[in-house]
Amino acid sequence: MGSRSELLSLCRALLRAGRQFPHYNLREYTKRRTMDGFRMNKNLTDQSKAYAEAKAQLVVVERSVKLYSLYPPPKTKNIMVWRRPLTVALLPI
Amino acid sequence: CDLTLSLCVHFHWNLRKRFIYFSKYKNLSPTWLITLTVPLPHLSLRLRSLTPISSSMASIASSTSLQARSRHLAIAVNQVKCFSYGRSNLSFNLRQLPTRLTVSCAAKSETVDKVCEIVRKQLSLDETKKVVGATKFSELGADSLDTVEIVMGLEEEFGIEMAEEKAQTITTVEKAAELIEELLMEKA
């Protein structure tokens with residue numbers, strides 16, 4: 001069972017690790033999953049299991065980041081990352 | 001911020017010749033009056049020793065506008081300096097006293113606005129809720145996890161990395177903006 005600050009730092013570490021993925025979808029997924037996971041287990045009395053799980057997932061994320069960065073990054077930019085606004089012509093009909 | 005300049009004017013006796021020359025050049029009658037207090041709101045002339053100082057000096061000083069910045073006085077000072085003919089007996093010390101009025105410039109308004117924007121987006125606040133510099137995150141209904149998410153969003157937006165301990169101390173929008181500016185300045 002970690003104290004409050006430990007939980008928060010674990011959350012931060014997970015989010016920070018997830019930022020390093022070259023793929024947009026992986027980045028978004030880690031962000032979404034960590035927030036969901038922490039919020040789900042927020043009100044539990046015994047948080048030791050959840051804490052251990054989060055720690056294990058942190059290791060997994062860090063390993064995957066290294067693996068994904070070994071291969072070339074995606075060639076096309078994901079549409080959600082585009083900076084220019086989407087005009088009508090670009091919308092798929 | 002107000003600045004008070006104290007000009008230490010240091011003359012020596014063997015400079016009076018130069019001084020007469022100077023005053024004649026300036027078409028002023030050399031007088032040997034010691035003018036002590038020149039009531040200028042922003043300047044104060046302090047005389048180190050009882051050396052003759054012509055009123056021309058004071059008049060020069062006072063002729064500079066009442067809103068005299070240090071630049072104007074420096075120009076006047078430099079003009080006198082060039083008459084010392086290589087001898088460095090004439091020494092002017094322009095010393096800036098510490099500022100009396102301390103304006104606590106907390107954070108730039110653009111940074112605060114950007115932070116507010118991101119907070120609004122993260123917490124999905126509607127337009128009715130006011131987000132100002134002093135609003136606490138807890139007031140807006142954000143718990144510690146939401147704060148962590150907001151801080152992460154800010155880090156991404158500004159391209160900075162916040163340390164753990166510092167990030168845990170963020171409670172208001174103002175603090176976040178200050179930290180961001182600090183880190184941006186360190187980066188630059």
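Each value in this text was obtained by applying a stated rule to the coordinates, not by laboratory testing. Quantities reported herein were computed from a predicted structural model and do not represent experimental measurements. Reconstructed Cβ throughout: ideal geometry from the backbone, glycine too, with neighbour counts over all protein chains shown.
Taking amide H positions as placed 1.01 Å from N in the peptide plane, with prolines and chain starts having none, which residues 5 or more places from residue B:135, or on another chain, fall under 5 Å of its amide H?
Hits under the 5 Å cutoff: B:173, B:174.
What list do you get for B:137, A:38 if you sort them by fewest beta carbons within 10 Å?
Values: B:137 23, A:38 20.
Listing B:137, A:38 from fewest to most nearby Cβ atoms yields A:38, B:137.
Label residue A:41 and residue B:188 with points 7 Å out from Cα along Cα→Cβ: what is the distance between them in nm?
So the two model labels end up 4.2 nm from each other.
Take peptide A:52-65, look around each residue's Cβ out to 10 angstrom, count Cβ atoms belonging to other protein chains, and average those counts. All intermediate terms of the calculation are to be shown ahead of the outcome.
Details: counts 0, 0, 0, 0, 0, 0, 0, 0, 0, 0, 0, 0, 0, 0.
Averaged over the peptide's residues, the number is 0.
Would you mind computing Rg(Cα) / (2.2 N^0.38 Å) for the stretch A:1-53, counting N as its residues?
Details: Rg = 11.8 Å, N = 53, 2.2 N^0.38 = 9.9 Å.
Ratio of Rg to 2.2 N^0.38 Å for the stretch A:1-53: 1.18.
Using the scaling law 2.2 N^0.38 Å as the reference, what is the normalised Cα Rg of the stretch B:106-187? Display every interim value, and only then the final one.
On the way: Rg = 11.6 Å, N = 82, 2.2 N^0.38 = 11.7 Å.
So the Cα radius of gyration is 0.99 times the expected 2.2 N^0.38 Å.
Give me the extension gain from residue A:83 to residue A:67: residue separation times 0.36 nm, minus the current Cα-Cα distance, reported in nm with one decimal.
Working: separation 16, 0.36 × 16 = 5.76 nm, distance 2.77 nm.
Difference between extended and current length: 3.0 nm.
Give me the angle, in degrees from 0 to 90, between the Cα long axis of helix A:48-70 and the longest principal axis of the Cα atoms of chain A, rounded to the nearest 10.
30
Considering only the other residues whose Cβ falls under 15 Å of the Cβ of residue B:164, what net charge follows from Lys and Arg at +1 and Asp and Glu at -1?
Numbers: positive: A:4, A:12, A:16, B:166; negative: A:6, B:155, B:161, B:165.
Taking every other residue near residue B:164 into account, the sum is 0.
Please compute the modelled spin-label separation between residue A:6 and residue B:134, points set 7 Å along Cα→Cβ, answer in nm with one decimal.
Between residue B:134 and residue A:6, the simple spin-label model gives 3.9 nm.
Just counting partner chain Cβ atoms within 10 Å, what average do the residues of peptide B:145-155 show around their Cβ? All intermediate terms of the calculation are to be shown ahead of the outcome.
Working: counts 8, 2, 1, 10, 7, 0, 3, 9, 2, 0, 4.
For this peptide, the per-residue mean of nearby foreign Cβ atoms is 4.
Modelling each spin label as a point 7 Å along the Cα-to-Cβ direction, I'd like the residue B:171/residue A:60 distance in nm, to one decimal.
3.7
Using only atoms on other chains, find how many Cβ atoms lie within 10 Å of each Cβ of peptide A:69-81 and report the average.
On the way: counts 0, 0, 0, 0, 0, 0, 0, 0, 0, 0, 0, 0, 0.
Shielding by partners across A:69-81 averages 0.
Can you tell me the Rg and Dmax of chain A, counting just the alpha carbons, in angstroms?
Rg, Dmax (Cα atoms, Å): 16.9, 54.
Could you please report the charge total around residue B:117, scoring K, R as +1 and D, E as -1 over all other residues with beta-carbon less than 12 angstrom from its beta-carbon? Walk me through the intermediate numbers first.
Numbers: positive: B:114, B:120, B:121; negative: B:110, B:113, B:157.
Overall, the nearby charge balance is 0.
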